[in-house]
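For reference, the structure is listed below as structure tokens.
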2 protein chains.
Amino acid sequence: MTATPHAYIEEHAERILNELIEFVRLPSVSTDPTYHDGVEQAAHWVAAQFEMLGLSDVRLMATSGHPAVYAEWLNAPGKPTILVYGHYDVQPPDPLDKWLNAPFTPEIRDGRLYGRGVSDDKGPLFIAIKAAEAYLRTVGQLPVNIKFLIEGEEEIGSPGVAALVRDNPEQFAADFVLSADGAMWRIDEPSITISSRGMSGVNFTLFGPSKDLHSGRHGGAVMNPLHAMAQLIASLHDADGRVAVAGFYDDVVDVSADDRAAIQNLPFDDDAYMQQVGVDELFGEATYTTLERQWIRPTLELNGMGGGYQGPGSKSVIPAEAHAKITCRLVPNQDPADIRAKVIKHLETHLPPGTRIEFEPGFHGVAPYQVTPGHIGLIVAEQALKAVYEQPPLMVRMGGTLPLATYFKQYLGIDTIFFSFSTADEDFHAPNEFFRINRLYEGIAAWIHYWDLLASSE
Amino acid sequence: MTATPHAYIEEHAERILNELIEFVRLPSVSTDPTYHDGVEQAAHWVAAQFEMLGLSDVRLMATSGHPAVYAEWLNAPGKPTILVYGHYDVQPPDPLDKWLNAPFTPEIRDGRLYGRGVSDDKGPLFIAIKAAEAYLRTVGQLPVNIKFLIEGEEEIGSPGVAALVRDNPEQFAADFVLSADGAMWRIDEPSITISSRGMSGVNFTLFGPSKDLHSGRHGGAVMNPLHAMAQLIASLHDADGRVAVAGFYDDVVDVSADDRAAIQNLPFDDDAYMQQVGVDELFGEATYTTLERQWIRPTLELNGMGGGYQGPGSKSVIPAEAHAKITCRLVPNQDPADIRAKVIKHLETHLPPGTRIEFEPGFHGVAPYQVTPGHIGLIVAEQALKAVYEQPPLMVRMGGTLPLATYFKQYLGIDTIFFSFSTADEDFHAPNEFFRINRLYEGIAAWIHYWDLLASSE
């Protein structure tokens, strides 16, 4: 038996990488029923890893959709219990023709492993499993109690696992969640994400004439739903990029001067960012920096809008209807249902003459999330990253939404600490997703440190 | 041989209707290259009709796009020569799911023939062909000299046939044009159209980030091209429905008080119109009536607009681009190129921050058209309609555009008389386009009268 968990990882480095490649080969696309078998295989693959480690209560938990994989090791009495979260499902691989290798035939190039799902979230969750293996194959036990919850519906909003957690609070009870999902913001600075924005939204249709009209014959006499849509959408923001919906900012808790200073002190270069996203100038709410606009300010964004003839050439039509899809990103203490109601009210109030509006029902909102300041899980994360990278990690935030953190808070009353070793630039949700191989080993080392430090921090 | 042209039509009524159905089956959509074969078939079908009648010089005349079909009968020395105009091309059939029958599988319901292009312009041009057939199969000759020009690019602005007419003025020389295209404004009052609006326009794309961005991560920090599009489109009109483009109304010739009075004396009911088009209120330029807004005032209308995700559900995206298609309808003496330049200038001037704009080149504008008052072709049209409907026709105008009338005036120096038997309510350019079957026979009767009256009016 090798002496330490860290030494074990060094010794087994090649085999561990090959196992990850095997995992990435399984096409576990949760959004598309044609990948049903791939999703099943990935769930069983994760369960088999847990079985191999000799964990207890290993099982696939059925949901309304794809199963979640559960396992536990609870033999450290008096020590904290953490719920390790990750997801084995992946995004669809389209557009296939943009990939340099087939998305489910992983390939190593320049120290990176390319394949769908390798960064989001197979690589990161695999790190947690291998950290457990390193302990169990050397020390023979874990320093803290661990429950694993690896779900298969993250890419479709985690509906099934949310219900599981809600309905089985005792099974998932823990001191906090340690999430393998979440992505560090940059490759050159280790970081910990301490908040994510919530989400609300509304999809709607504007109706004008009861049928498409000839724009020559009728033009000038009736309201064109496309003109009305433009007016209505333009009314949602003022010229400075601030959301013009009445009451939109009412519940926003202003971020403290210290926290704003912390964000402003982070290394961030607007010019480099403009180059990254391909714009010549930035635009957003006045008096806030780019990072503040992305992290601590709420937004209202159109994700889609359209109507009339959108094919090649021209068509002389005043369309009967126009469509729009809006999502808002929320910050504490905005409430998704309240924001949706306010946006709907704005749209109804500003409805142009000669039009009618209908809202699509059933948008699933997500509350914003923020780790409790000073949380032990956060302090340990900081120490573990310092141990691996020899520099203190940055405290960063996330513009996107992590629904599970909200559900864990709501149903289990516990915080979620993001401790992922993927990086925001790794093209998850895009062709040629990759994961840096050195991060695989750094991640396992950091997770080993994490559990050690947590066990001795009590 | 049957005694008179009118009797011939009665005798062959059913066969004639079946021929029209056969014609409508040919999917001759000129704007969409996937319908290339349908366009070819329709051109050959028209030529075959002319061959069958024994007309001279029957041929397909190549253009830069779809061919025009030409034929002539010039054996009435001393009598006027008229150039009969129509078009065999049709609008795209989208949205397909709104049709009760497949658009190119015509169906008769309640005395109406439903199918794409049946009213615009296959039914009306077929009337002219059958009037010629009725003469040639009974009298054995036509009372006047006739040249047929049936083109295949009316729905894309007649670019090819315009060049044909420009380059072959002697071949198309005539006393005036009798157009089978143009549509009567109502089913219950016969009418003659004395003016049509011109057209200009521009299609463009707004560009934001160089690729689609995640709206959670990036939302709030960059200009969303959909927000920019809404702002830009909203800036094109003021709150009263007046076009806000600088200089847009500069060249508009005010219609005389007499002509405005004539329009206001026409039987027109706003409530009935609202019911017809399915709106609860009208909207347009202040201080003008509905008919004035449609006939003697210029417009700027969006025909299509869109960007981002428009499928089912939601997708968290800030799109890289957004598109729009604009057409303007023009009145004397607005110039299409001048108006296009002014609209482009407005769009450039009002371009929101963080975006870039590109204009699609090559929009073919059309000048507005007005028949010379007191024209012999107009007088004969009045008499022919009175012969069929036993009431004097109304003098009306057209909100739409007939590019050929402009070209005929410009290149041949002759007027165009509109003598069509489609009706404005027949949903051309919309799903469930139809043509009233009784109008098919009334139309043929009226064309027979027209040629008779014209021959004896000298």
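Could you count how many residues in the stretch B:71-91 are closer than 21 Å to B:Ala180 by Cα and either surrounded by fewer than 23 Cβ atoms within 10 Å (Cβ to Cβ) or aliphatic (A, V, I, L, M) (or both)?
Qualifying residue count, the stretch B:71-91: 11.
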Exercise for the section: Could you check, for the stretch B:330-351, whether at least one of its residues is within 10 Å of chain A (Cβ to nearest Cβ) and on the phi < 0 side of the Ramachandran plot? Expected result: no
Fill in the blank from the handout: Of the candidates B:Leu213, B:Leu232, the one satisfying the condition of being in contact with a helix residue (DSSP H, G or I) (Cβ under 7 Å, 6 or more places away or on another chain) and within 15 Å of B:Glu348 (Cα to Cα) is B:Leu232
Problem - Residue identified as acidic (Asp, Glu) and either on the phi > 0 side of the Ramachandran plot or crowded, with 16+ Cβ neighbours inside 10 Å (or both) among B:Asp57, B:Asp97 - result: B:Asp57
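Going by the conditions given, is B:Glu382 touching a strand residue (DSSP E or B) at 6+ places or on another chain (Cβ under 8 Å), in contact (Cβ under 8 Å) with a residue 12 or more places away in the chain and within 30 Å of B:Tyr450 (Cβ to Cβ)?
Yes, satisfied.
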Practice task
Please state which one of B:Phe434, B:Phe428 is touching a residue at least 24 places away in the same chain (Cβ under 8 Å), assigned by TED's automatic domain parsing to the domain that holds B:Ala405 and closer than 23 Å to B:Ala405 by Cβ.
Solution key: B:Phe428
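Results for (1) at pLDDT below 95; (2) among the charged types (D, E, K, R); (3) more than 25 Å from B:Gly115 (Cα to Cα), shown as yes or no for each residue.
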residue: B:Ala13; (1), (2), (3): no, no, no
residue: B:Ile16; (1), (2), (3): no, no, no
residue: B:Pro33; (1), (2), (3): yes, no, no
residue: B:Ala48; (1), (2), (3): no, no, no
residue: B:Val58; (1), (2), (3): no, no, yes
residue: B:Asp89; (1), (2), (3): no, yes, no
Fill in the blank from the handout: Filtering the stretch A:165-195 down to residues that are of a type in the set (Lys, Arg) and either buried (at least 22 other Cβ atoms within 10 Å of the Cβ) or more than 14 Å from chain B (Cβ to nearest Cβ) (or both) yields A:Arg166
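Table: residues versus (1) out of contact with any helix residue (DSSP H, G or I) (no Cβ under 9 Å at 6 or more places or on another chain); (2) outside the structural domain of B:Pro392 (by TED's automatic domain parsing); (3) within 21 Å of B:Ser196 (Cβ to Cβ).
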{"position": "B:Phe248", "(1), (2), (3)": "no, yes, yes"}
{"position": "B:Ala257", "(1), (2), (3)": "yes, yes, no"}
{"position": "B:Ala262", "(1), (2), (3)": "yes, yes, yes"}
{"position": "B:Leu266", "(1), (2), (3)": "no, yes, yes"}
{"position": "B:Asp280", "(1), (2), (3)": "no, yes, no"}
{"position": "B:Ala286", "(1), (2), (3)": "yes, yes, no"}
{"position": "B:Thr290", "(1), (2), (3)": "no, yes, yes"}
{"position": "B:Gly304", "(1), (2), (3)": "no, yes, no"}
Completion exercise
Across (1) modelled with pLDDT under 95; (2) in contact with a strand residue (DSSP E or B) (Cβ under 7 Å, 6 or more places away or on another chain), A:Asp415 clears everything bar (1)
Exercise for the section: Select from the stretch A:236-250 the residues that are farther than 30 Å from B:Leu300 by Cα and surrounded by fewer than 16 Cβ atoms within 10 Å (Cβ to Cβ) and write down the one among them that is nearest to the other protein chains (Cβ to nearest Cβ). Expected result: A:Tyr249
Handout entry: the stretch A:102-124 - residue that is assigned to a loop (DSSP other than H, G, I, E, B) and touching a residue at least 24 places away in the same chain (Cβ under 8 Å) and, of those, nearest to the chain's Cα centre (by Cα)
Key = A:Gly117
Completion exercise
If we ask which residues in the stretch A:1-37 are crowded, with 19+ Cβ neighbours inside 10 Å and either in a helix (DSSP H, G or I) or of a type in the set (S, T, N, Q) (or both), their number turns out to be 10
Exercise for the section: Test A:Gly208 against the criterion of being more than 18 Å from A:Trp295 (Cα to Cα) and touching a Gly at 6+ places or on another chain (Cβ under 7 Å), and give yes or no. Expected result: yes
Completion exercise
Selection from the stretch A:294-306 of residues facing chain B (nearest Cβ under 7 Å), buried (at least 24 other Cβ atoms within 10 Å of the Cβ) and in contact with a Lys or Arg (Cβ under 6 Å, 6 or more places away or on another chain) yields A:Thr299, A:Asn303
Practice task
State whether the residues of the stretch B:153-164 include one that is surrounded by fewer than 17 Cβ atoms within 10 Å (Cβ to Cβ) and of a type in the set (A, V, I, L, M).
Solution key: yes
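Search the stretch B:196-235 for residues being of a type in the set (Val, Ile, Thr) and either more than 29 Å from the chain's Cα centre (by Cα) or more than 7 Å from chain A (Cβ to nearest Cβ) (or both), and hand back the single one that is farthest from A:Asp425 (Cα to Cα). Don't jump to the end; show me each part of the working.
Just the residues of the stretch B:196-235 that are of a type in the set (Val, Ile, Thr), to begin with: B:202, B:205, B:222, B:233.
Applying the additional criterion that residues be either more than 29 Å from the chain's Cα centre (by Cα) or more than 7 Å from chain A (Cβ to nearest Cβ) (or both) yields B:202, B:205, B:222.
Working: B:Val202: 38, B:Thr205: 28, B:Val222: 18 Å.
That would be B:Val202.
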Problem - Considering residues of the stretch A:307-325 that are surrounded by fewer than 24 Cβ atoms within 10 Å (Cβ to Cβ) and within 33 Å of the chain's Cα centre (by Cα) only, the residue farthest from the other protein chains (Cβ to nearest Cβ) - result: A:His323
Fill in the blank from the handout: Across (1) of a type outside the set (S, T, N, Q); (2) closer than 30 Å to B:Pro80 by Cα; (3) surrounded by fewer than 19 Cβ atoms within 10 Å (Cβ to Cβ), B:Arg397 clears everything bar (3)
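The values are calculated or read from the model by the stated rules, or taken from the named source; none is laboratory data. The structure displayed is predicted, hence computed values, not measured ones. Neighbour counts are summed over all protein chains in view; Cβ atoms, including those assigned to glycine, are modelled from backbone coordinates with ideal geometry.
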